[in-house]
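*Asks:* The structure follows.
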Amino acid sequence: MTNTTAICDLNTTMVFDDTVNPSTSMCDGFAISIALIIVSLICLLRSLPFICGFFRGSNSSTNTSPWVHIRARSKYPCLPDRTNVPDHFVSWRNDMPGYNPQLYTHPDVIKNNRLTKPDGWADPSDISMMGDSLKDLQSLEGYIELDSNGRPMNPCGRTGLRGQGILGKWGPNYAADPIVVRYNSNTQTWQVVLIKRRDTGESALPGGMVDKDEIVSATVKREFKEEAGAFPEGSPEREKFDKLANKLFSNGRLIYQGYVDDPRNTDNSWMETSAFLFICSDELGQMLPLFAGDDATRVWWEDFDPKMTLWGDHGRLLKMAYHHLMRV
Ligand code: RP5
């Protein structure tokens, strides 16, 4: 009677005949070894995502981003101190006993409640006032889970702070980031437009929030004009800047869309962005005057270094732009 042995129950179960036949035993032994090696390799490949997720400390069921947030667990000037969340507990999947961070909404957010103020830009801080609108919440990261209190759950896990913090919206808050680069033929280097942020003093891309009913391509242009081209209205520099910026922004490339590791993120409100790369011709790059305004104290062309430390997730966006540029 033939006795069979199942080796592994992967997608395809492999079955071997272990009846001994002296003339074929060497071949059988060889075949079994090869099969075992193949099965081991398949098992290893299947477990790779888990192994990598474990070492990154991020394997949330709702997490579609391949990294764990860092800035979203750091201090932001107008927010209270966060509960410390060690890497391993960032993922919602790993229980963190006693995790009960402060529920905080900044007074400016409360003042700008859109239900009580006609031009308010913020959701009500009382989540029960949101009604059914939470069901329609959309994220660039996909489906949004709600916690037991009906609050949206950060797709990248715990941040050590609950509530809206300083962000207007429950769930995703949309931004757009222009990455404007030029090849400087004098210095023979690629350069990128950076600003110095007023809130933290860090260097950053000249991005900003998407206004209500605005399309992201309009946001990148508007934000760039506000933060890098704030010449006085009606001045010849302003006219020149606007003309050149309009030309530049007629041709961009989307290089990233999704969650960003922003220091204002909380367990229930977070930033998501669309980042576009705009390549200036050398001539246009030399002509484009820059003038800081709005949320920036300074604006300049910086030599492109993909290892630069920037505000929030801008360093990661710059790396993506760099890889793209190296392929151009
Ligand atoms: C970042 O916050 C985004 O990448 C975007 O650059 C920025 C938008 O916020 P504000 O500059 O308007 O504060 O996370």
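The values are calculated or read from the model by the stated rules, or taken from the named source; none is laboratory data. Treat the numbers as computed from the prediction; the structure is a model and nothing was measured. Using ideal geometry, Cβ is built from the backbone for each residue, glycine included, and neighbour counts are taken over all protein chains shown. For the accessible areas, the whole protein counts, side chains as well, though only heavy atoms, and no ligand, DNA or RNA atoms are used. Shrake-Rupley method; radii C 1.70, N 1.55, O 1.52, S 1.80 Å.
*Asks:* Restricting attention to region 278-299, does a residue exist that is touching a Ser or Thr at 6+ places or on another chain (Cβ under 6 Å) and crowded, with 18+ Cβ neighbours inside 10 Å?
*Replies:* So far as region 278-299 goes, no, none of its residues is touching a Ser or Thr at 6+ places or on another chain (Cβ under 6 Å) and crowded, with 18+ Cβ neighbours inside 10 Å.
*Asks:* If we scan region 50-73, do we find a residue that is open to solvent by 40 Å² or more (accessible area, probe 1.4 Å), within 23 Å of ALA175 (Cβ to Cβ), within 26 Å of the chain's Cα centre (by Cα) and modelled with pLDDT of 95 or more?
*Replies:* Yes; the residues of region 50-73 include at least one that is open to solvent by 40 Å² or more (accessible area, probe 1.4 Å), within 23 Å of ALA175 (Cβ to Cβ), within 26 Å of the chain's Cα centre (by Cα) and modelled with pLDDT of 95 or more.
*Asks:* Something else: Looking only at region 80-110, count how many residues are closer than 12 Å to ILE70 by Cα and in a loop (DSSP other than H, G, I, E, B).
*Replies:* Final tally of qualifying residues: 4.
*Asks:* Would you please list the contacts, defined by Cβ atoms under 6 Å and residues six or more apart or on different chains, that run from a residue in region 282-307 that is closer than 16 Å to LEU325 by Cβ to a residue that is within 16 Å of the ligand (Cβ to nearest atom) and part of a strand (DSSP E or B)?
*Replies:* Once the first residue is closer than 16 Å to LEU325 by Cβ and sits in region 282-307, its partners that are within 16 Å of the ligand (Cβ to nearest atom) and part of a strand (DSSP E or B) give GLU302/VAL192; GLU302/LEU194; PHE304/VAL192.
*Asks:* Could you check how many residues of region 285-313 are over 13 Å from VAL180 (Cβ atoms) and within 16 Å of the ligand (Cβ to nearest atom)?
*Replies:* Residues flagged as over 13 Å from VAL180 (Cβ atoms) and within 16 Å of the ligand (Cβ to nearest atom) within region 285-313 amount to 13.
*Asks:* Cβ contacts < 6 Å: first residue at negative phi, restricted to region 243-257; second residue of a type in the set (Phe, Trp, Tyr) and not in a helix (DSSP H, G or I), any location; separation 6+ or different chain. Result?
*Replies:* These pairs meet every condition: LEU248/PHE278; GLY252/PHE276; GLY252/PHE278; LEU254/PHE276.
*Asks:* Checking the structure you have, find out if any residue of region 231-253 is at pLDDT 90 or above and within 16 Å of the ligand (Cβ to nearest atom).
*Replies:* Checked region 231-253: at least one residue is at pLDDT 90 or above and within 16 Å of the ligand (Cβ to nearest atom).
*Asks:* Within the group ASP282, ASP267, which residue is charged (D, E, K, R), modelled with pLDDT of 95 or more and more than 13 Å from the ligand (Cβ to nearest atom)?
*Replies:* Matching residue, one of ASP282, ASP267: ASP267.
*Asks:* Would you check which residues across region 223-239 are within 25 Å of PHE304 (Cα to Cα) and surrounded by fewer than 19 Cβ atoms within 10 Å (Cβ to Cβ) and list them?
*Replies:* GLU226, ALA230
*Asks:* While we're here: Select from region 150-168 the residues that are assigned to a loop (DSSP other than H, G, I, E, B), in contact with a Leu (Cβ under 9 Å, 6 or more places away or on another chain) and open to solvent by 10 Å² or more (accessible area, probe 1.4 Å) and list them in ascending order.
*Replies:* GLY150, ARG151, MET153, ILE166, listed by residue number.
*Asks:* Related question: Tell me which of these TYR259 doesn't satisfy, since it passes every other one: (1) within 13 Å of the ligand (Cβ to nearest atom); (2) in contact with a Leu (Cβ under 6 Å, 6 or more places away or on another chain).
*Replies:* (2)
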